[in-house]
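Shown below is the structure under consideration.
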Amino acid sequence: MAQAQEPESVCPVVESIEQVGSEWRLLVLHALQDGEQRFTELKRSIDANGRTLSRVLDDLEEAGFVERRLEEAAPVATYYSLTPKGRSLGPVFGEIEAWADEWLET
């Protein structure tokens, strides 16, 4: 009887990119580094349509990067902020910005 092979371990970089690597996820995570935002503010700041933004926020919330807060006082508003896991990406964005300053033409 053949022995079952264990799946090869995935590189941590690849695994990380799979969780945060879509353009929309990165835009949302970067925008929220400045602090809590209402859905409408976030939508405007990253120029996303509502359906796309809702899907991305749901994905990020499920993955533990973002938390949602509903304010039911008039006017009703939904706020989003980063969890500690999401905030921990701050230095990563700083490094990407430093790389872009050096290597990308403006």
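Please indicate, with yes or no, whether at least one residue in the stretch 86-100 is among the polar types (S, T, N, Q) and in contact with a Gly (Cβ under 8 Å, 6 or more places away or on another chain).
For the stretch 86-100, residues among the polar types (S, T, N, Q) and in contact with a Gly (Cβ under 8 Å, 6 or more places away or on another chain): absent.
Sticking with this structure for a sec: Show me the helices (runs of 4 or more DSSP H) found entirely inside the stretch 4-85 where at least 2 residues are surrounded by 15 or more Cβ atoms within 10 Å (Cβ to Cβ) and not β-branched (Val, Ile, Thr).
Answer list for the stretch 4-85: 23-31, 39-46, 50-62.
So Ala100 clears everything in (1) farther than 17 Å from Gly21 by Cβ; (2) of a type in the set (A, V, I, L, M, F, W, C); (3) in a helix (DSSP H, G or I) except one condition, right? Which one?
(1)
Tell me yes or no: at least one residue of the stretch 39-53 is closer than 16 Å to Ile96 by Cβ, touching a residue at least 40 places away in the same chain (Cβ under 8 Å) and not hydroxyl-bearing (Ser, Thr, Tyr).
no
Let me ask something else. What number goes with the only condition from (1) at pLDDT 90 or above; (2) hydrophobic (A, V, I, L, M, F, W, C); (3) over 14 Å from the mean Cα position of the chain (by Cα) that Met1 does not pass?
With (1) at pLDDT 90 or above; (2) hydrophobic (A, V, I, L, M, F, W, C); (3) over 14 Å from the mean Cα position of the chain (by Cα) applied to Met1, the lone miss is (1).
With respect to Glu105, is the statement that it is of a type outside the set (Ser, Thr, Tyr) and either touching a strand residue (DSSP E or B) at 6+ places or on another chain (Cβ under 6 Å) or in a helix (DSSP H, G or I) (or both) true?
no
Test Gly94 against the stated conditions and say whether it is surrounded by 15 or more Cβ atoms within 10 Å (Cβ to Cβ), of a type in the set (Gly, Ala, Ser) and either in a helix (DSSP H, G or I) or at pLDDT below 95 (or both).
no
The values are calculated or read from the model by the stated rules, or taken from the named source; none is laboratory data. These figures come from a predicted structure and were not determined experimentally. Cβ: placed from backbone, ideal geometry, glycine included. Neighbour counts: every protein chain shown.
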